Amino acid sequence: MPLAHGINASAVDRTASPGADFYAYANGAWLKSATLRDDQSQTGPFTTISDEVLARTKVILEESAASGSAAGTATQKIGDYYWSFVDTAGIEARGLAPLAPVLDRIAKVKDKRALAAYLGGEVRADVDPLNDTNFDTGHILGLWVEQDLNDVSRVAPYLLQGGLGMPGASYYLDPSPPMQALRTKYVAYLTSLLELAHIAQPAAKAARVFELEKAIAKTHVSRADSEDVKKANNPWTHADFVKRAPGLDWPAFFGAASLEAPPSFIVWHPSAVTGIAALVKQKPLDLWKEYLVVRALDEAAPFLPQAFVDARFAFFGTALRGTPKPRDRWKRAVDATNAALPDAVGKLYVARHFRPEYKADLDHMVSGIVAAFGRRVDALSWMAAETKEKARAKLKTLRVGVAYPDAWRDDSGLTIVRGDALGNAERAQLYRYKLALAKIGKPADRGEWAMAPQEVNAVNLPVRNALNFPAAIFAPPFYDPEATAAVKYAAIGAIIGHEISHSFDDQGAQFDADGKLASWWTPADFAHFQASGAALASQYDSYKPFPDLAVNGKQCLGENIADLAGLAASYDAWKTSLGGQPAPVIDGLTGEQQFFVSFAQSWQTKTRDEAMRGQIATDGHAPAQFRALTVRNLDAWYAAFDVQPKDALYLAPEARVRVW
């Protein structure tokens with residue numbers, strides 16, 4: 001935590017050289033003493049704040065569960081959802097019975113048309129390719145409902161690749177020994193699910209299902225390629241699906257998914273849509289039914305008896321992330337309730353835990369950082385005047401939501417039944433899906449939030465040119481209202497700058513001020529921008545957390561551009577906020593040194609090796625210790641710590657990446 005509202009001086013390792021290992025300098029003492037709980041795959045500021053938010057939310061949910069509120073009220077719904085999840089005695093008593101209707105529907109799939117209808121009926125709106133850490137979904141295809149890339153007057157349905165049980169295609173296809181070992185453990189997990197469900201020949205069926213998922217994985221594009229929005233912009237009509245993706249009964253699929261009405265879709269991953277349709281035709285029906293049973297068991301496992309929970313954690317918790325022990329049941333119950341009823345919980349959380357006066361302070365910071373970004377655009381020597389004008393237009397129309405939405409989501413149509421944990425989850429997921437379907441064809445609501453106020457995170461929505469900064473992230477060490485200006489701008493300011501900059505990263509730069517996928521660059525300017533991005537990707541390619549594994553600079557390019565541009569804009573805004581006066585020296589550090597140390601401390605993280613390997617395989621974010629090295633590209637960092645050519649982190653001025 002910050003000391004005296006400044007940097008955490010006790011975390012700094014004064015014996016380390018900033019120019020040799022800046023992350024160790026800023027965090028070395030903390031890294032030596034920090035420990036991971038058995039239920040953690042990593043720890044740091046994000047997890048510390050999340051733990052506090054969970055504890056606060058637990059109080060709200062337990063009070064709601066005990067309130068005896070009238071049926072249909074928000075407190076009844078969140079209280080009964082939470083209580084149903086923690087009622088382990090009731091869950092044990094019901095056994096597999098809550099899943100019986102689903103297993104019965106699978107058993108009744110008699111032909112490929114019925115299979116298509118079943119697959120369509122399982123589609124849910126639970127993915128976002130521009131923001132999700134991992135958009136591969138256990139459902140055969142994922143639906144994203146958002147403003148049309150090409151027509152800003154309407155919301156469109158997008159179809160994305162899915163169908164995998166493991167986090168991404170590389171888990172099935174990467175030949176490295178760690179991935180091969182995980183595949184063996186995954187098949188063992190699928191076998192255990194089938195055994196627990198008393199299904200015959202569990203090992204043979206698990207092996208066959210894995211091979212089918214592997215075939216699906218081969219149709220998927222990589223995370224890095226998926227982030228190329230132009231490759232994703234594939235409008236298809238209903239007729240196009242029949243012609244371009246034969247093998248799946250598309251009328252049956254869309255009918256069951258309630259997607260008959262939209263005249264067209266944007267197919268984000270055409271190779272997956274085509275490939276999955278072909279697999280439906282090629283593979284026998286019985287194999288697909290085995291697959292559906294396994295997917296149903298896996299998805300329902302958190303809401304089933306403890307043996308299912310333990311089996312799932314053994315793979316997804318221990319094997320994938322190296323975590324020895326599952327999180328407490330109540331913590332998982334809070335997460336599940338937040339996912340099902342985000343606004344109902346969020347409204348109560350904000351009322352108790354977000355001070356209104358913070359909003360004015362944060363709005364002021366946002367305005368200052370947006371203005372600083374604009375000044376950086378104006379100062380770019382390589383950018384043509386017409387491109388600058390379009391960039392300023394994006395900044396002018398940027399919609400920033402701080403703490404909570406202006407309008408809360410209406411959950412009056414969602415039924416929550418006390419004692420029906422799995423049913424509640426299924427109804428909540430279906431309810432979200434129906435809300436998403438209702439938006440199709442209508443104008444996008446730029447004020448609609450994509451995150452809950454109690455989420456410790458932030459998001460940029462490039463298709464709407466909008467940002468969300470949930471209330472929960474405004475807590476120390478990210479946000480301390482009494483912090484020194486250097487610390488405040490380096491911590492929460494850099495986060496604000498990061499999200500603003502996403503509107504101008506490798507993805508965001510392809511959208512205009514209205515959120516339309518349209519070029520607003522001169523060819524020369526865009527070529528310069530792409531060259532800068534390639535240089536930054538190359539810089540991150542050189543970082544190797546393991547001897548056999550490097551960071552994928554292309555995969556995390558958008559986040560790294562946002563880190564760099566956001567930090568630079570926040571630094572400028574901090575200097576402006578000083579009004580020409582020098583920053584005070586604190587703990588022997590100048591203001592500039594405090595700024596950069598505070599930024600590095602915001603990425604203070606200890607991670608298990610298994611979790612980091614998984615992050616590198618599928619995540620769009622680089623590991624924390626390398627995000628802290630963004631400072632290598634800012635001239636002010638070199639001056640602050642007298643970093644010289646002899647130092648390991650030194651980059652010659654011409655090698656420092658200057659995207660914005």
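Summary table
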quantity: Condition broken by V463, with the remaining ones in (1) outside any loop (DSSP other than H, G, I, E, B); (2) farther than 20 Å from A628 by Cβ; (3) within 21 Å of the chain's Cα centre (by Cα) satisfied; calculated: (1)
quantity: Among (1) β-branched (V, I, T); (2) more than 22 Å from T630 (Cβ to Cβ); (3) within 22 Å of the chain's Cα centre (by Cα) - the single one V551 does not satisfy; calculated: (2)
quantity: Index of the failed condition, K439 passing every other in (1) of a type in the set (D, E, K, R); (2) under 29 Å from S577 (Cα atoms); (3) assigned to a loop (DSSP other than H, G, I, E, B); calculated: (2)
quantity: Filter pass, V102 being under 30 Å from L467 (Cβ atoms) and surrounded by 15 or more Cβ atoms within 10 Å (Cβ to Cβ); calculated: no
quantity: Condition check for G588: in contact with an Asp or Glu (Cβ under 9 Å, 6 or more places away or on another chain) and either surrounded by fewer than 23 Cβ atoms within 10 Å (Cβ to Cβ) or modelled with pLDDT under 95 (or both); calculated: no
quantity: Members of region 506-535 that are closer than 19 Å to V152 by Cα and in contact with an Asp or Glu (Cβ under 7 Å, 6 or more places away or on another chain); calculated: Q507, A518, W520
quantity: Of all residues making up region 591-617, the number that are touching a Lys or Arg at 6+ places or on another chain (Cβ under 6 Å) and in a helix (DSSP H, G or I); calculated: 2
quantity: Meets criteria (within 13 Å of A444 (Cβ to Cβ), surrounded by fewer than 22 Cβ atoms within 10 Å (Cβ to Cβ) and of a type in the set (D, E)) for D174; calculated: no
quantity: Residue check for A117: of a type in the set (A, V, I, L, M, F, W, C), in a helix (DSSP H, G or I) and either buried (at least 18 other Cβ atoms within 10 Å of the Cβ) or assigned by TED's automatic domain parsing to the domain that holds V294 (or both); calculated: yes
quantity: Restricting region 61-102 to residues that are of a type outside the set (S, T, N, Q) and not in a helix (DSSP H, G or I), the residue that is modelled with the lowest pLDDT; calculated: G68
quantity: Sole exception among (1) closer than 13 Å to V345 by Cβ; (2) surrounded by 19 or more Cβ atoms within 10 Å (Cβ to Cβ) for K58, by number; calculated: (2)
quantity: Residues satisfying the stated conditions in region 458-478, i.e. more than 19 Å from Y349 (Cα to Cα) and of a type in the set (V, I, T); calculated: V459, V463
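The values are calculated or read from the model by the stated rules, or taken from the named source; none is laboratory data. Because the structure is a prediction, the values reported are computed rather than measured. Note that we place each Cβ from the backbone using ideal geometry, even for glycine, and neighbour counts take in every protein chain shown.
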